[in-house]
1. Does residue 199 satisfy the criteria of being touching a Cys at 6+ places or on another chain (Cβ under 8 Å), open to solvent by 70 Å² or more (accessible area, probe 1.4 Å) and at pLDDT 95 or above?
2. Of all residues in the stretch 47-61, which are within 12 Å of ligand 1 (Cβ to nearest atom) and out of contact with any helix residue (DSSP H, G or I) (no Cβ under 6 Å at 6 or more places or on another chain)?
3. Just give me the residues in the stretch 161-192 being in contact with a strand residue (DSSP E or B) (Cβ under 9 Å, 6 or more places away or on another chain), within 16 Å of ligand 1 (Cβ to nearest atom) and open to solvent by 50 Å² or more (accessible area, probe 1.4 Å), in sequence order.
4. Quick one: would you say residue 44 is in contact with a helix residue (DSSP H, G or I) (Cβ under 6 Å, 6 or more places away or on another chain), open to solvent by 10 Å² or more (accessible area, probe 1.4 Å) and modelled with pLDDT of 95 or more?
5. Does residue 60 satisfy the criteria of being buried (at least 19 other Cβ atoms within 10 Å of the Cβ) and farther than 20 Å from residue 206 by Cα?
6. Of the residues that make up the stretch 34-42, is at least one part of a loop (DSSP other than H, G, I, E, B) and among the acidic types (Asp, Glu)?
7. If you check every pair at least six apart or on different chains, which have Cβ atoms under 8 Å apart with a residue in the stretch 84-108 that is closer than 16 Å to residue 13 by Cβ and of a type in the set (Lys, Arg) first and a residue that is at pLDDT 95 or above and open to solvent by less than 50 Å² (accessible area, probe 1.4 Å) second?
8. Could you please tell me which pairs satisfy a Cβ distance under 8 Å, a separation of 6+ or placement on different chains, a first residue in the stretch 1-19 that is within 12 Å of residue 102 (Cα to Cα) and open to solvent by less than 80 Å² (accessible area, probe 1.4 Å), and a second residue that is in a loop (DSSP other than H, G, I, E, B) and of a type in the set (D, E, K, R)?
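The values are calculated or read from the model by the stated rules, or taken from the named source; none is laboratory data. Quick caveat, the model's predicted, so the values are computed rather than measured. Because the Cβ atoms are built from the backbone with ideal geometry, glycine has one as well, and the counts that use them run over all protein chains shown. Accessible surface areas use protein heavy atoms only, side chains included; no ligands, DNA or RNA. Shrake-Rupley method; radii C 1.70, N 1.55, O 1.52, S 1.80 Å.
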Amino acid sequence: TQSTRPQRLLSAVQKNATRGNPRSVVRAIDEFCRHKEWAMNVGDEKGCILDSIVSEVNPVTVLELGTYCGYSTVRIASLLPPNAKLITLEFNPDFAAIARQVIAWAGLQDKVQLVEGSSGDWIPKIQEQFGINTFDLVFLDHWKDRYLPDTKLMEKCGLLRKGSVLVADNVICPGTPDYLEYVRSSPCYKSQYFISHLEYTKAEDGLEKSVFLG
Ligand SMILES: CNc1ncnc2c1ncn2[C@@H]1O[C@H](/C=C/CNC(=O)c2cc(-c3ccc(F)cc3)cc(O)c2O)[C@H](F)[C@H]1O
Ligand SMILES: [Mg+2]
């Protein structure tokens, strides 16, 4: 049977990256997507911006919405302090299976909890299930029309505290207009746009960093 793109991406990691070396996993995926097959990873250009924000926040608790193949999961987790935890939500079982193997190849499985399920179902259950009260950092990279409802849900569930940082991918392409309008106009957020390009292309895209003011 035909392989899927995520399966071919995983094969490229297993072929070209060194086990236990997250940077080599990130590099192998970027090479595959630049030279073989485009895939919707945050990519290296926006990834460097993400790295700088993660390093500045130095989060102990991280939530990622939309794991896909685990590229940004590996990028973020590789920068976390030893006691930190990253929870990543992915409701497609095929993507989740690939991401688990990518995360394991990077040697980051002890820092990452991949939860197979939908953000809408899981955001209200995270505190009781994982003993986490609030998140220092949230990376939004799932369906673009779910950024706003899930942000409101995180607020309602008390998962954000004064200073929590939201980083949203694709705020220009494909675009998340309702989310952008909300975080840029709400008195509860201080927002900043980091201009960049859509992964592996010359099209404009960017990340929006929004600090929750409580
Ligand atoms: C809704 N709740 C969810 N809960 C758990 N997992 C979820 C949920 N929703 C989706 N997932 C999971 O999160 C992932 C979804 C990623 C979606 N990403 C994109 O569409 C996306 C698209 C482009 C793009 C740009 C230009 C172009 F010409 C074509 C594509 C670029 C990007 O960087 C993207 O991130 C995964 F697939 C899905 O199962
Ligand atoms: Mg994206």
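1. Spelling it out, it is not the case that residue 199 is touching a Cys at 6+ places or on another chain (Cβ under 8 Å), open to solvent by 70 Å² or more (accessible area, probe 1.4 Å) and at pLDDT 95 or above.
2. Once the filter is applied, which keeps residues that are within 12 Å of ligand 1 (Cβ to nearest atom) and out of contact with any helix residue (DSSP H, G or I) (no Cβ under 6 Å at 6 or more places or on another chain), the stretch 47-61 yields only 50.
3. Within the stretch 161-192, 172, 174 meet the criteria.
4. So residue 44 fits the description; yes.
5. Answer is no for this residue.
6. Checking the stretch 34-42: at least one residue is part of a loop (DSSP other than H, G, I, E, B) and among the acidic types (Asp, Glu).
7. Once the first residue is closer than 16 Å to residue 13 by Cβ and of a type in the set (Lys, Arg) and sits in the stretch 84-108, its partners that are at pLDDT 95 or above and open to solvent by less than 50 Å² (accessible area, probe 1.4 Å) give 100/70; 100/114.
8. Hits for this filter: 8/36; 8/37; 9/37; 12/36.
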